[in-house]
Amino acid sequence: MSERITIPKTDLEVSQLCLGGNVFGWTADEPTSKLILSEFAALGGNFVDTADTYSEWKAGNSGGESETVIGKWMKETGNRDQMIIASKVAMYSKRPGLGAENIRAAVEDSLRRLQTDYLDLYYAHKDDPDTPLNETLRAFDDLIRSGKVRYITASNYSGERLLEALKISKENGFASYVALQNEYNILVRQPFESDMAPTLEAQGLSAIPFYGLARGFLSGKYRPGIKVDSVRAQGTEMFQNEQGWRVLALLDELASAHSAPVPAIALAWLRAQESVSVPIASARTLEQLREITKVVSLAPDEIDQINRAL
């Protein structure tokens with residue numbers, strides 16, 4: 001995984017997988033999380049995605065656990081300058097929305113937990129229709145001018161709202177969103193392909209999609225008649241149908257042909273999409289990490305096979 005990808009509209013050279021930090025402090029405890037991060041770096045990974053709200057949904061957590069773990073790991077290893085770190089604002093219950101005051105407070109909290117003085121990417125975690133885009137973008141622009149953030153990005157935005165934000169940034173001389181993080185994978189193609197992808201392609205931007213493995217369904221561990229013991233299993237029920245099993249069967253064939261794990265094939269399909277720069281996937285064990293970090297190149301006819309399976 002040593003080859004680097006430059007995210008369009010930036011000078012960020014990132015690994016071909018962005019490691020999702022949503023499991024840190026949730027299904028992966030701190031020692032395990034640090035082992036996963038160290039192994040990811042050893043395998044050539046340098047791009048890690050987190051958020052201030054990860055993982056306040058776990059009983060006993062209060063939010064910020066993922067950032068805290070990553071911050072401790074970078075401090076202990078002394079490798080902050082080798083990593084590309086993305087975090088987010090807007091969905092944390094203690095720091096909701098995209099008002100200017102909240103953004104200013106939230107970034108300071110994230111920097112403190114991550115034990116760093118800057119973020120490489122800072123996402124609007126979701127659209128905030130109650131706050132004027134002008135206010136949000138001005139606040140983000142201030143962060144970039146102050147050196148606390150290198151680039152701003154959007155998540156869970158529609159194509160229309162992303163285009164509106166880009167227009168406002170241009171008209172006011174603000175920094176612009178450089179990428180979009182929305183749900184996209186083999187089994188969930190819409191509304192991304194019809195709504196967001198055309199805007200990204202027209203504007204020269206790229207996607208860094210989440211749920212690249214369809215909430216874990218495309219990890220290969222889900223099979224007809226097999227009960228998977230996982231806190232995330234319920235989220236895959238929507239895929240456990242004729243189409244889902246048909247896609248998995250094809251991924252099995254391609255995985256065998258490439259001597260690769262099933263999730264590596266699913267992520268290879270994402271990388272082959274014109275609007276995608278790098279996919280996100282998470283791992284709660286070292287075994288899972290090694291499966292998602294194997295980089296595979298699919299032939300055009302193999303991509304067509306996957307598309308026809310839907």
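What follows is calculated from the coordinates using simple rules that are stated; it is not laboratory data. Everything numeric here is computed off the predicted structure, so don't read it as measured data. Cβ atoms come from the backbone with ideal geometry, glycine included; neighbour counts cover every protein chain shown.
What do you get for the angle between helix 242-258 and the principal long axis of the chain? Use alpha-carbon atoms, 0 to 90 degrees, nearest ten. Tilt relative to the chain: about 80 degrees. Length gained on full extension, residue 307 to residue 79: 78.1 nm, using 0.36 nm per residue less the C-alpha separation. Note on 174, 140: ascending count of other Cβ atoms within 10 Å places them as 174, 140, the fewest first. Across the chain, the longest run free of exposed loop sites, meaning GluC sites (Glu not before Pro) lying outside DSSP classes H, G, I, E and B with no more than 10 other Cβ atoms within 10 Å, spans 4-273. Modelled spin-label separation between residue 93 and residue 167, with each label point placed 7 Å from Cα along the Cα-to-Cβ direction: 3.7 nm. Under a Gaussian network description of the chain, with springs only between Cα atoms under 10 Å, the residue in 295, 69, 228 that fluctuates furthest is 228.
Karplus-based coupling profile of the range 99-114, in residue order and whole Hz: x, 4, 4, 5, 4, 4, 6, 5, 5, 5, 4, 5, 4, 5, 5, 7, with θ = phi - 60° in 6.51 cos²θ - 1.76 cosθ + 1.60 and x standing for Gly or Pro. Taking 7 Å steps out from each Cα toward its Cβ at residue 144 and residue 221 produces label points 3.9 nm apart. 3J(HN,Hα) along the range 43-60, derived from phi through the Karplus expression 6.51 cos²θ - 1.76 cosθ + 1.60 where θ = phi - 60°, amounts to 7, x, x, 9, 10, 10, 10, 9, 6, 5, 7, 6, 10, 5, 6, 7, 4, x Hz, with x in place of Gly and Pro.
Using the Cα centre as the reference, give the magnitude of the dipole from point charges on the C-beta atoms of the range 202-310 (Lys, Arg: +1; Asp, Glu: -1; all else neutral), rounded to the nearest 20 debye. Can you show the working numbers first?
Values: 11 positive and 11 negative charges, 78 e Å.
It works out to roughly 380 debye.
If you take Cα extents along the principal axes in Å from the coordinates, which of (i) 51, 43, 35; (ii) 62, 47, 38; (iii) 70, 48, 32 do you get? Derived directly from the coordinates: (i).
Tell me the trypsin sites (Lys or Arg not before Pro) within the range 168-231 that lie in a loop according to DSSP and have at most 12 other beta-carbon atoms within 10 Å. Could the numbers behind the result be given before it?
Details: sites: 170, 189, 215, 221, 227; in loops: 189, 221, 227.
Of the trypsin sites (Lys or Arg not before Pro), the ones in loops of the range 168-231 whose Cβ has at most 12 other Cβ atoms within 10 Å are 227.
When only the Cβ of Lys, Arg, Asp and Glu is charged (+1, +1, -1, -1), the dipole of the range 34-150 relative to its Cα centre reaches about 260 debye. Counted over the chain, the DSSP beta bridges are approximately 15% antiparallel. Modelled this way, with points 7 Å down the Cα-to-C-beta line, the labels at residue 193 and residue 160 are 2.2 nm from one another. When the helices in the chain are scored as -39500 (n - 2.57) per DSSP H run of 4 or longer and the sum is shared across all residues, what 222 nm value do you end up with, to the nearest 500 deg cm²/dmol? My calculation for the chain gives -12000 deg cm²/dmol from helical runs alone. Counting every other Cβ atom within 10 Å of each residue's Cβ, 32, 6, 50 order from fewest to most as 6, 32, 50. Between the listed residues 226, 293, 239, the Cα displaced farthest toward the positive end of the dipole of the range 173-301, a dipole computed from Cβ unit charges relative to the Cα centre, is found at 226.
Calculate, in nm to one decimal, what residue 134 and residue 2 gain on full extension: separation in residues at 0.36 nm each, minus their alpha carbon distance.
Working it through step by step, the gained length comes to 43.6 nm.
Counting only Cβ charges, +1 for Lys and Arg and -1 for Asp and Glu, the dipole size of the range 224-272 around its Cα centre is about 140 debye.
Of the cross-linked pairs 170/294; 58/221; 72/167; 94/227; 34/167, which ones have a Cα-Cα span greater than 30 Å in the structure shown? Where the Cα-Cα span goes over 30 Å, the pairs concerned are 170/294; 72/167; 94/227; 34/167.
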